[in-house]
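*Asks:* First the structure, then my questions, so here it is.
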Amino acid sequence: MGENKPDILQGTLDLMVLKTLESMGPLHGYGIARRIEQVSGETLILNQGTIYPALLRLEQRGWIKAEWGKSETNRRARFYSLTRLGKSRIAEETANWERVAATMALFLATPK
């Protein structure tokens, strides 16, 4: 990502991927990245070096699974979907990030 694009905090991308798969159903990595960019209003730009390590990490945790299929352009692609464990983790991960956001809001609202 360029200098004008914000870095993604550790773990934030994981929740974005989980929420994307929850709302959109199975998608390939490129589709997941484009959807996250779209929802962010293009404030986040994800490249292969960002999205694929996150997908691998989530797959290793058992939160998502991957299966080979055909993309819209008839190319072979890995499609990712939520596992039962991944579905159950969404609420917990959301609660964790809501706590972090609330804590940061306190610090940002603190007078100088």
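Conditions (1) touching an Asp or Glu at 6+ places or on another chain (Cβ under 9 Å); (2) open to solvent by less than 100 Å² (accessible area, probe 1.4 Å), marked per residue:
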residue: Leu55; (1), (2): no, yes
residue: Lys65; (1), (2): yes, yes
residue: Ser71; (1), (2): no, yes
residue: Ala77; (1), (2): no, yes
residue: Arg84; (1), (2): no, no
residue: Met104; (1), (2): no, yes
residue: Lys112; (1), (2): no, no
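*Asks:* State whether the residues of the range 88-99 include one that is open to solvent by 60 Å² or more (accessible area, probe 1.4 Å), assigned to a loop (DSSP other than H, G, I, E, B), at pLDDT below 95 and not aliphatic (A, V, I, L, M).
*Replies:* The answer is no, given that none of the residues of the range 88-99 is open to solvent by 60 Å² or more (accessible area, probe 1.4 Å), assigned to a loop (DSSP other than H, G, I, E, B), at pLDDT below 95 and not aliphatic (A, V, I, L, M).
*Asks:* Which ones in the range 44-62 are within 18 Å of Arg34 (Cα to Cα) and outside any helix (DSSP H, G or I)?
*Replies:* Selection gives Leu44, Ile45, Leu46, Asn47.
The values are calculated or read from the model by the stated rules, or taken from the named source; none is laboratory data. Quantities reported herein were computed from a predicted structural model and do not represent experimental measurements. Note that we place each Cβ from the backbone using ideal geometry, even for glycine, and neighbour counts take in every protein chain shown. Accessible surface is based on the protein model in full, side chains and every heavy atom, while ligands, DNA and RNA are left aside. Shrake-Rupley method; radii C 1.70, N 1.55, O 1.52, S 1.80 Å.
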